[in-house]
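Working notes, beginning with the structure itself.
Here, each number is a calculation from the coordinates, and none is a lab measurement. Computed from a predicted structure; not experimentally measured. Every residue, glycine among them, receives a Cβ derived from its backbone with ideal geometry; neighbour counts consider all protein chains shown.
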């Protein structure tokens, strides 16, 4: 590029900066929060949003009902190869169904950090189950408590910040329904980059808080 052409370009930039273009929609830069405030119970909100994203929501009154519902679900789907790294949730799995190969399992069971009611998202981290189980298995089962429900994404991030402080997990993931893509001829395909089905068991622990 010649010196003359370069100077002309710089001159145009200086002129543009001296006379900035006004905003086309000045009223759009208001101070109002674009996010609608919470209008119903967090459990109901999450269940509606999660189900709308093809997630499968199951509410349990206590951990006993959780174990029964999970066993029934596995029986109906004939799942016998279940991967789980967390000792707490191994207790709801039949011993002969525990499977230690994530590459060939039928589903994985994990906990989570929190549930985002407004978007129907599950917040996962590398602390409890590592990086792989929630995305590698064809079916992901997440177990959470009602006390883990928050309304918005910022509330979920603040909860993680308060919980771990300077020792944040190396991976924090927001999973919103089963994996999906429309890259191929704009046709929606489920289960390409992650689980094809996602179940969320939410256990009521309000009496224990």
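Assorted remarks:
- Note on region 40-208: Kirkwood hydrodynamic radius from all Cα pairs is 16.3 Å, rounded to one decimal.
- Stretch gain in nm, segment residue 77-residue 100, where the contour uses 0.36 nm per residue and the Cα spacing is subtracted: 6.3 nm
- Working from label points 7 Å from Cα in the Cα-to-Cβ sense, the residue 44 to residue 64 distance is 2.8 nm.
- Added length on full extension, which subtracts the Cα-Cα distance from 0.36 nm per residue, residue 162 to residue 5: 51.1 nm
- Virtual spin-label span in nm between residue 196 and residue 51, 7 Å along Cα→Cβ: 2.4
- The slack between residue 205 and residue 154, meaning 0.36 nm per residue of separation minus the straight C-alpha distance, is 16.1 nm.
- The fewest-to-most ranking of 207, 115, 42 by surrounding Cβ atoms within 10 Å reads 207, 42, 115.
- With a Förster radius of 25 Å applied to the C-beta separation of residue 13 and residue 174, the computed FRET efficiency comes to 0.05.
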